[in-house]
Amino acid sequence: MTSSPVTEPALTLSDVHVHFPDERYGKLHALGGVSLTLQQGEFVCLLGPSGSGKTTLLRVIAGLLQPTSGTVAYGGSTSPEIGYVFQQANLMPWRKVLDNITLPLELHGVDETAAKQQAEYWIDLLGLDGFEHVLPRDLSGGMAQRVSIARALIQKPALLLLDEPFGSLDEQTRQRLG
């Protein structure tokens with residue numbers, strides 16, 4: 001009898017707590033005792049009301065916020081490639097669409113020509129043709145969010161975190177991307 005190789009989870013959260021200082025109550029318990037294991041290729045959706053800690057949890061997973069206690073492990077890697085699409089586009093206001101999309105590749109030392117070719121793929125896929133040289137201030141909210149999505153996807157992350165990424169998109173674009 002042969003057995004399948006045991007693969008390490010892509011992400012493991014163990015008893016993660018996050019507390020924030022609060023003037024009235026001393027501390028605000030944003031997350032309490034969250035434990036979660038995700039396997040490679042798994043798709044998970046966090047559902048809950050506004051203020052329940054979904055964004056806080058994503059920020060902990062992304063390494064943008066340290067938990068007050070508990071551990072976060074990334075399948076044997078200390079610094080996995082993580083793509084994060086925030087609720088707001090969070091684009092660099094001085095960088096044009098093409099330059100915002102290629103930013104992760106630029107930071108990883110990818111050749112400029114190769115980075116632009118990859119960005120053109122995402123620009124076409126996300127319906128941003130003709131806006132490559134436009135600054136974020138001149139984009140609609142939905143277009144800016146599509147640039148943010150392209151910037152996260154271009155790096156082919158091992159872990160992709162999406163924090164309400166389709167909120168500012170029109171219904172047609174939501175259907176196409178979903």
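Of the solvent-accessible surface of the stretch 1-74, computed with a 1.4 Å probe and all protein chains present, 55% belongs to carbon and sulfur. Across the stretch 1-62, the mean sequence separation of Cα contacts (distance under 8 Å, 6 or more residues apart), normalised by length, yields a relative contact order of 30 percent. Ratio of Rg to Rh for the stretch 64-170: 1.00 [Cα atoms; Kirkwood radius as inverse mean 1/r over pairs]. Here the simple spin-label model places points 7 Å from the Cα toward Cβ, and for THR68 and ASN90 these points are separated by 2.3 nm. For LYS54, give me every one of the lysines with a C-alpha distance below 21 angstrom, ignoring sequence neighbours fewer than eight places off in its own chain. Answer for LYS54, where 21 Å is the Cα cut-off: LYS27, listed by chain and number. Over the residues of the chain, the helix contribution to mean residue ellipticity at 222 nm works out to -9000 deg cm²/dmol, using -39500 (n - 2.57) for each DSSP H run of at least 4. The slack in the chain from SER35 to SER79, taken as 0.36 nm per residue of separation less the alpha-carbon distance, amounts to 13.9 nm. Of the whole protein surface, ILE149 contributes about 10 Å² of accessible area at a 1.4 Å probe radius.
For the stretch 1-136, the Stokes-Einstein estimate of translational diffusion at 25 °C and a viscosity of 0.890 mPa s comes to 135 µm²/s, using the Kirkwood hydrodynamic radius over alpha-carbon pairs. For the stretch 1-146, the solvent-accessible area with a 1.4 angstrom probe is 64 square angstrom per residue. Net length available on complete extension from SER14 to TYR121 is 34.7 nm, with 0.36 nm assigned per residue and the Cα-Cα distance removed.
Each Cα pair under 8 Å and six or more residues apart adds its sequence gap; the mean of these over the residue count of the chain is a relative contact order of 23 percent. Backbone amide hydrogens, once placed in the peptide plane, bring HIS19 within less than 5 Å of ALA30, THR68, excluding anything fewer than 5 places away on its chain. Label sites at THR7 and ASP22, each approximated as a point 7 angstrom past Cα along Cα to Cβ, lie 4.0 nm apart.
The values are calculated or read from the model by the stated rules, or taken from the named source; none is laboratory data. The structure displayed is predicted, hence computed values, not measured ones. As a convention, Cβ positions derive from the backbone with ideal geometry for all residues, glycine included, and neighbour counts pool all protein chains shown. For accessibility, only protein heavy atoms count, side chains too; no ligands or nucleic acids. Shrake-Rupley method; radii C 1.70, N 1.55, O 1.52, S 1.80 Å.
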